[in-house]
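Here the structure is laid out as structure tokens; the discussion comes afterwards.
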Amino acid sequence: MATVQPARSLSRAKVSPSAEAARLELLEYYLLHHEDLARCAHASLEWLARHAGVKRSMCLVVDGDGGVLMGMAGYGVPSEEVELFAWPLSDARDPIVAALSASSPVLFRAGRGNGHAGRPTPVTPLGAGPFTAVPLRGVRDTGQGALGLLLLRSGSGVSSEISWLAIVLGQKLDQLRGRGSIAGEVRKLRRERSLLFTIINAVTDPILLTDTEGRLIVANARAERLFASSEEESEGRRRAVELNNMLFSAALSRTAVERPAEARELLLVDPSEGSDLLFEVLSSTVEDPREGTGVVSVLRNITDLRRATEQIEENYQRLRVLEAAARTERDRLNLIIDSVADPIIVTDPMGETILMNAPAEELFTVPPDAPESAERNVQANDAHFSSFISGLLLGETGPGAVRRGEIGLASPSTSEPIPVEAIAGKVLTETGELTAVVTILHDRREALERARLYEQLKLASEELQARVQAATAELATQNELLRRQAIELEQASRLKSQFLANMSHEFRTPLNAILGYTHMLLQGVAGDLLPAVKRQLQRIDSNARHLLTIINEILDITRIEAGKMPIQLSEFNVNEIVPEVMAELEAVIARSKLTITPKLAPGAPLVRSDRQKVKQIVVNLLSNALKFTHQGGIEIAVQFDPEAQTVSIAVTDTGIGIAPEHHERIFEDFRQVDDSPSRQYGGTGLGLAISRRLATALGGRITLRSSLGQGSTFTLTIPPEAPR
Ligand code: ADP
């Protein structure tokens, strides 16, 4: 503890004119507020801060009744701590208590060891560090110690300004003590003040009293959290508080200028969290006879309110968008259901119609200028439809429940019955709640008409079927008849063939005898013959031979018919056949005076077939050519087709030719182009019929190319090997 020599009197101090003015200002304040010690003490500490550079200080007074030193005012220290400050005076060795009795200011250094008996530096609301305790004494110093103490956060000695203030403040204390108990006054004031603070602290909104320049005079706890900070607090928090003060002063000055009584919004920063806080500021000016004009501001936190408002606004906007979307969807739906030709009705869960398309309106609304019956028809339609829908509403409850049914409606204007098929489905929400029922009606008139026509068609078809069955039965009878006739014919044909075979055989024996005897006579076995007799005998021989040819042919065809013509297979060269045939018909060729040109195919391979039958066919073809050709010549050509591997013999003549309509017929039995009794050419009409049968039996065929007057070509084609 060290002592500092104070200036004891005002008269001795030499001060500058500005310092003089400052002192006068404080003394004026004392005069103005001569009753109010607390205010005077406050003003004194503020004065010290301004004029003596003391940034943290406390004024303490001695409460004689309570035996304590209690806090009166503070500067740069929390007001609660000042108010709660009560230092017991019982221990005379306590350095603070001792400082009261000291004649000069006492310096308390930081740390241990500078107190009495090694006691630590007393802890005061000024915080750790050195401070000076300046005793406050009255004019009439009774020697009982000072009336109070000035604690200054300063270790650098006591300036003249501090000393001066200690004197005038001490005198003020003394002056007020003369009028009664200071402490009692202070206690009363403090009670009132504490009550006031309790009240304003109980308010959850920040409340502030500021002077006209925006300087803070009183603030409740909530307001202090926003607008007050101490040096110990974090940099961030102090900056936030600074910013809040700036924003608040700006808002306050604007409010005062623009709309004094109106609430306005103020955006502040939460010093603890750094988040934005939105307030509504309600300010009103107050006039105090002592303090002058001040501004009381109540700040209402509307951050949540604003958030809620914004949320509501946002929801409202979203709702508007959804509403617009729903409207568009509904319009689209309307367009769709209007474009459907079938009536569609949408009903609510109560069965009330919400929506229907134009075709449905035709059934369920009374058209203008309609006959009286229209209303009845519409009512009846309504009733039928409602009972159908109620079936669905009461009945099936499954999610995809669909009801189908037939309803008998009537056209409102014409009363024409309209049977419809109704299909109704439920429209459910996501939670399975029924919102609507959609019903589509399908006009069944066309379907019924189709069904009627189908029935008619079915009847007609059945009738037709019966007729066809009858006709088929008739046909079967006819077929049976024909079959029997065919069998009879076959029998007859067989009998005929048998007869012909038998007869031919019977004819051949006597005919061979005739030929034999004629031959013997012509050979002169019975002596020389007269020339006339010889000529007659030659005619008999020629006719008998002709007859033998006919009989042989008939025998051949009957054999073939009876399947009794044996096939003798051997390997031979077809080229060999040609000269043999020419040799056999030599006499006829000589008589005809036609040129016969054989054209052979030396490269033709050997064939395996019936040599005799092939020769018989070619003989027949050549003899026909000779018979029906009067001039020109005949060509017999052998050909080999390597691709088809077939061999052919073609007999081409320059004869009378055959008209196309006879090309097929000449191959039939006994068929001749000229079959009149006065025909020019002889023959039986069996030659080609036999030839074709034989060719077929050998696996080959006979083809014809000819036109009337242009000659003919008959071609026999056989395979390299005849079928067995
Ligand atoms: P036929 O010669 O004994 O009358 P075919 O069966 O051999 O019997 O001939 C049937 C008919 O075909 C002949 O009557 C004739 O009218 C016609 N015919 C056959 N070959 C020739 C041909 N080369 N030229 C013209 N007509 C022919």
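Below are the figures for this structure:
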read-out	value
Whole-number D in µm²/s for the chain (Stokes-Einstein; Kirkwood sum over Cα pairs; 25 °C, 0.890 mPa s)	57
Cα-based helix-to-principal-axis angle, 235-257 vs the chain, degrees rounded to 10	80
Pairwise centroid distance, computed over Cα atoms, of the range 35-88 with the range 433-476, Å	115
The range 603-724 - percent of accessible surface contributed by carbon and sulfur, probe 1.4 Å	50
Ratio of Rg to Rh over the range 308-409 (Cα coordinates, Kirkwood Rh, two decimals)	1.13
Accessible area expressed per residue, the chain, with surrounding protein chains retained (probe 1.4 Å, Å²)	58
Computed Rg/Rh of the range 594-656, alpha carbon atoms with Kirkwood Rh	1.02
Hits among lysines - C-alpha to C-alpha of Lys172 under 26 Å, sequence gap 8 or more where chains match	Lys14, Lys55, Lys188
Distance (nanometres) between label positions extended 7 Å along Cα→Cβ at Gln491 and Ser101	17.9
Loop GluC sites (Glu not before Pro), the range 291-336 (other Cβ atoms within 10 Å of the site Cβ: 15 or fewer; DSSP)	Glu291
Out-of-range pairs (alpha-carbon distance over 26 Å; input Lys564/Lys627; Lys564/Lys615; Lys496/Lys564)	Lys564/Lys627
Structure-based [θ]222 nm, the chain - -39500 (n - 2.57) summed over DSSP H runs of at least 4, per residue, nearest 500	-15500 deg cm²/dmol
Length gained when the stretch Gln175-Leu482 is fully extended (0.36 nm per residue, less Cα-Cα span)	93.9 nm
Compactness of the range 503-542 as Cα Rg over 2.2 N^0.38 Å, two decimals	1.29
Share of carbon and sulfur in the accessible heavy-atom surface of the range 414-473 [1.4 Å probe, %]	60
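The values are calculated or read from the model by the stated rules, or taken from the named source; none is laboratory data. The structure presented is a predicted model; accordingly, all values stated were derived computationally and were not measured. Note that each Cβ is placed from the backbone with ideal geometry, even for glycine, and that neighbours are counted across all protein chains shown. SASA here: full protein model, heavy atoms, side chains in, ligands and nucleic acids out. Shrake-Rupley method; radii C 1.70, N 1.55, O 1.52, S 1.80 Å.
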